Amino acid sequence: MRQMRLVFVPLKKNKDIILFYIKMKIISWNVNSIRSRIIDTETAKCTCRHRVILKTSPMGKLLKKVKPDVICLQETKCAVKNMGCLDISGFHTFWNCAIKAGYAGVSIWCKAKPTKISTTLPGLHATSKHLLKEGRILTVFFKNIVIVNTYAPNTLRAWNKSIERYKFIKNRINWDRALHKYLITLKKKYKSVVLCGDLNVARGELDLHHGIMTQCKLAKAIDTGATASRIKALTKRAEHGIKITKTGGGAGYRLEERNELEKLLNSGFVDIYRKLYPEKYGFTYWNMVQKAFRKANNGMRIDYFIITPNLVKKVLKVKIYKEIGEVKGSVASDHAPIALFLK
């Protein structure tokens, strides 16, 4: 096991001393089922036999590239009975599985053993308590840092009927607000907090391909004399991107979702990827149905590391591993893993 060096850092406001990890690497990845082509070549079926992480698998390649200290997974779709099938040597593993089979779920794998873990979200509104049965959050506590891994509720089905729309969006707002309060509480008590996971929301025009990316493509098409049909198609897409940024789009780009995320960031948390790379798209999700989207990088940035301000200076980089899981035109997950490197 690789040792994580520690350093004492005094706080400015008082004489308390806190610890920070040095050279800590955290991975976050929505795997779209840990049982399907992530750790080996098996598909979704699991017969509860011994399964090891193959070096040639997406997870095996990721471990070799990053050598992480902590791995946060979302949408594991793993039942309690399946957890014992996986041989994850070298890590302490923690799971929060959905009651519904083959649905949602999160997991955290740690090189160092945490002091405690939590699988709940305090303060969640009573009408949305059922979300806690879907395995959407897992927190690990170390002496000097807290890591919260979450798979936020998706509002994809919110347009079926007016009553359904209200229900799904209200559940999402309740979740976001409870998470917001939870993070503020953790920040006050533990100082150093990392939120990571699939938040199922893109912040703005830079975070979805209908936005700035399409506007840039349109400008280039006009400058290079592209065909009229190409310019027309890009114009239509760019206008749509501008419209939904102003009035709200579908799941992952609704005003309600984006507003709640901005409230969190305005309360003293940092979207570290956007801070480090203010002009990069940083897409982490691509529609698997439209296979050409990933190749063309027509995606969205909906996976995040959101950290407390005291950790900003300790961040070396955030890296997106888009190529992980891409094999001959197919992918293991519709999301790319992202990694946070703390110095």
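Figures for the structure shown
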{"quantity": "Angle between the chain longest axis and helix 214-223 axis [Cα atoms, degrees, rounded to 10]", "calculated": "40 degrees"}
{"quantity": "Calculated P(r) of segment 170-303 - Cα pairs past 19 Å, %", "calculated": "57 percent"}
{"quantity": "Rounded D (µm²/s) - segment 42-194, Kirkwood Rh over Cα pairs, Stokes-Einstein at 20 °C, 1.002 mPa s", "calculated": "126 µm²/s"}
{"quantity": "Cα convex hull of segment 123-233 - mean projected area over all directions, nm²", "calculated": "10.6 nm²"}
{"quantity": "Long-range HN-HN contacts of Val146 with modeled amide H, under 5 Å", "calculated": "Ser192, Val193, Val194"}
{"quantity": "Linear extension gain, Lys220 paired with Ala233, 0.36 nm per residue minus alpha-carbon span", "calculated": "3.3 nm"}
{"quantity": "Contour minus Cα-Cα distance for Glu256 and Lys328 (0.36 nm per residue)", "calculated": "22.1 nm"}
{"quantity": "Per-bin percent of Cα-Cα distances, segment 239-341 [5 Å]", "calculated": "2, 11, 18, 20, 20, 15, 10, 3, 0"}
{"quantity": "Length-normalised contact order of the chain in % [C-alpha pairs under 8 Å, at least 6 apart]", "calculated": "18 percent"}
{"quantity": "Segment 189-343: relative contact order as a whole-number percent, Cα under 8 Å and 6+ apart", "calculated": "29 percent"}
{"quantity": "Overall Cα dimensions of segment 209-252 - principal axes, largest extent first, Å", "calculated": "34, 16, 14"}
{"quantity": "Residue-span extension gain [Met288 to Leu54] - 0.36 nm each, minus C-alpha spacing", "calculated": "81.9 nm"}
{"quantity": "Segment 55-133: translational diffusion in µm²/s, Stokes-Einstein, Kirkwood Rh over Cα pairs, 20 °C, 1.002 mPa s", "calculated": "151 µm²/s"}
{"quantity": "Angle in degrees between helix 162-190 and the longest Cα principal axis of the chain, rounded to the nearest 10", "calculated": "40 degrees"}
{"quantity": "Fewest-first ranking of Arg35, Arg237, using other Cβ atoms within 10 Å as the exposure measure", "calculated": "Arg237, Arg35"}
{"quantity": "Virtual paramagnetic centre 7 Å along Cα→Cβ of Tyr190, amide N under 14 Å, in segment 134-155", "calculated": "137-150"}
{"quantity": "Burial ranking of peptide ranges 194-201, 167-174 (average Cβ count within 10 Å, highest at the top)", "calculated": "194-201, 167-174"}
{"quantity": "Sequence-separation-based contact order of segment 209-252, relative, with Cα cut under 8 Å and 6+ spacing, percent", "calculated": "48 percent"}
{"quantity": "More than 36 angstrom apart: percent of Cα pairs within the chain", "calculated": "20 percent"}
{"quantity": "Residue with peak Gaussian network fluctuation, the chain [Cα springs, cutoff 10 Å], from Thr56, Thr76, Thr93", "calculated": "Thr56"}
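Coordinate-derived values only; no laboratory data. Here the structure is a predicted model, which is why all the values come from computation and not from measurement. All Cβ positions, even for glycine, are placed from backbone atoms using ideal geometry, and neighbour counts span all protein chains on display.
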